[in-house]
Amino acid sequence: MKKLLLLPLLVLPLLTGCDGNKEVEKYHLTFGSKMELGNEDAIKELSSSELLAKTRDEKEVFLLAVYQGEYSETCLCWNTYQEALKNYCFNYSGLVYLYNAQNVEPTMSHLKIEKLNESTPYLYIFNGEKLIQKFSHSNRKYRTIFEDTTGKEMNDFVSKYVKRPYLYYTDEATIDSTKDQTVMFIRHGCNDCKYSLSEVVIPYIKEKIINQNIYLLDMQKYYDIAKYEGATEEEKASYQNLKDKYGLSEAEGNLFGYQQGVVPTIQYRKDGKVEAAAIYFNDVIDKKDDGSYYIADSFYSEERKEALNSQYTFPNILKGMTITEGIIEGKNGTYYWSQGAANKYHKPNFEAFLDYYLSAEAAA
């Protein structure tokens, strides 16, 4: 029996805001950042198209630090604010997006981002396309947000409107130094990873009582290095070595790995070792002589289910299953299973893992 720490419900009652008597509902930020070796990756600049996608499609709850292009470049207030942002992320496990207000387009008017011919920086809090709150350096009531380089004032103000996240980007050093944790291995360029986060993990966190965080290791840079045309042999092997290191692959008979290692993979790691894992999609589809399609290989096999013993039990055994919908024929005689069709079977399997290792409701 696992020891569980019950945390408050994610859906919180209306709370009185700091500005008058206006009531505001406190949402959880979607992502944070816990990095041992530095926090430069916790501050990410967005293009206009990326910002539109994040608000309109991804519906993320997030912080947006806005500057005024060349007006801000030589401004002390913006340089000071950048230091505050850096230390907010490092000291309070935050993640902040940057945006140049001079790039605002007419299609973005609903976001109410101020475009000024002066250096004034802003901090916005968004829930999807809804603006929760904005703070301006020109408003003396909020100026300490931009001038306190420790990040404490920013954290204090932000905490009045949103709660902490349960999803944290992490790095190798943090994983290696943490004893027990749930880690999800992803690539930001992987569509299956985006799908599993937006369609399964994030909705799950919003609906359940969660007893621990999920740490996200973005492996994209290793993938890109390995695929680079001029990569050395060592660089070509770096991505595979990382997958082997963390038990994503079946190297050395690893029970919880799958093939050469795939993303998205989620693991529960205890004492630095993989105790259990779940994988989204990545099934191998083939065609029989009679014209029917089936799953030739999958992480979810009868053999793996039997070997899990006391670990979580996934409901759907997929290896060997006949497929009657969602078949996509690719080039060179390869076959794929559409995300919508595959999700009907993968979602219950993935949620079974989340129930066992994250949900206090399921464990009660």
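Considering the stretch 325-364, the residues that are more than 18 Å from N213 (Cα to Cα), modelled with pLDDT under 95 and assigned to a helix (DSSP H, G or I) include one that is least open to solvent (accessible area, probe 1.4 Å), namely G333. The residues of the stretch 260-276 that are surrounded by 15 or more Cβ atoms within 10 Å (Cβ to Cβ), under 27 Å from T334 (Cα atoms) and out of contact with any Lys or Arg (no Cβ under 6 Å at 6 or more places or on another chain), listed by number, are V262, P264, T265, I266.
Among the conditions (1) touching an Asp or Glu at 6+ places or on another chain (Cβ under 7 Å); (2) part of a helix (DSSP H, G or I), H188 misses just one, which is (2).
Pick from Y246, Y312: which is touching a helix residue (DSSP H, G or I) at 6+ places or on another chain (Cβ under 7 Å) and open to solvent by less than 60 Å² (accessible area, probe 1.4 Å)? Can you show your working first?
Working: Y246 fails: touching a helix residue (DSSP H, G or I) at 6+ places or on another chain (Cβ under 7 Å).
The unique qualifying residue is Y312.
Tell me whether the stretch 48-71 contains one or more residues that are under 17 Å from T120 (Cα atoms), in contact with an Asp or Glu (Cβ under 9 Å, 6 or more places away or on another chain), without any contact (Cβ under 8 Å) to a residue 60 or more places away in the chain and part of a loop (DSSP other than H, G, I, E, B). Scanning the stretch 48-71 turns up at least one residue that is under 17 Å from T120 (Cα atoms), in contact with an Asp or Glu (Cβ under 9 Å, 6 or more places away or on another chain), without any contact (Cβ under 8 Å) to a residue 60 or more places away in the chain and part of a loop (DSSP other than H, G, I, E, B). Among the residues of the stretch 229-256, those that are under 23 Å from the mean Cα position of the chain (by Cα) and either modelled with pLDDT under 95 or not in a loop (DSSP other than H, G, I, E, B) (or both) comprise S238, Y239, Q240, N241, L242, K243, D244, K245, F256. Residue count for the stretch 150-188 satisfying the condition of being touching a Cys at 6+ places or on another chain (Cβ under 8 Å) and open to solvent by 40 Å² or more (accessible area, probe 1.4 Å): 1. If you filter the stretch 191-228 down to residues that are of a type in the set (D, E) and either open to solvent by 50 Å² or more (accessible area, probe 1.4 Å) or in a helix (DSSP H, G or I) (or both), you find that the one that is farthest from N349 (Cα to Cα) is D224.
In the stretch 132-148, of all residues being free of Cβ contacts under 8 Å to residues at least 40 places away in the same chain and among the aromatic types (F, W, Y), the one that is surrounded by the fewest Cβ atoms within 10 Å (Cβ to Cβ) corresponds to Y142.
Among residues of the stretch 236-265 that are within 20 Å of F350 (Cα to Cα), those with a beta-carbon under 6 Å from a residue that is surrounded by fewer than 15 Cβ atoms within 10 Å (Cβ to Cβ) at least six positions away or on a different chain give the pairs S249/Q260; L255/A307.
Can you tell me which residue within the stretch 280-295, out of those that are open to solvent by less than 40 Å² (accessible area, probe 1.4 Å) and touching a residue at least 24 places away in the same chain (Cβ under 8 Å), is farthest from the chain's Cα centre (by Cα)? If we take residues in the stretch 280-295 being open to solvent by less than 40 Å² (accessible area, probe 1.4 Å) and touching a residue at least 24 places away in the same chain (Cβ under 8 Å), then S292 is farthest from the chain's Cα centre (by Cα). The residues in the stretch 75-131 that are more than 14 Å from F146 (Cβ to Cβ), over 25 Å from the mean Cα position of the chain (by Cα), free of Cβ contacts under 8 Å to residues at least 24 places away in the same chain and not in a loop (DSSP other than H, G, I, E, B) can be counted, and the count is 3. Contact annotation: residue pairs with Cβ atoms under 7 Å, 6 or more positions apart or on different chains, pairing a residue in the stretch 313-342 that is at positive phi with a partner that is of a type in the set (S, T, Y) and assigned to a loop (DSSP other than H, G, I, E, B), are G326/S338.
Residues of the stretch 65-105 that are over 25 Å from Y169 (Cβ atoms), surrounded by 21 or more Cβ atoms within 10 Å (Cβ to Cβ) and small (G, A, S): S72 alone.
The values are calculated or read from the model by the stated rules, or taken from the named source; none is laboratory data. It should be emphasised that the depicted structure is a prediction, and the values quoted were computed from it without experimental measurement. Please note: Cβ atoms are built from the backbone with ideal geometry, for glycine as well, and neighbour counts cover all protein chains shown. What goes into the accessible areas is simple: the full protein's heavy atoms, side chains included, and nothing from ligands, DNA or RNA. Shrake-Rupley method; radii C 1.70, N 1.55, O 1.52, S 1.80 Å.
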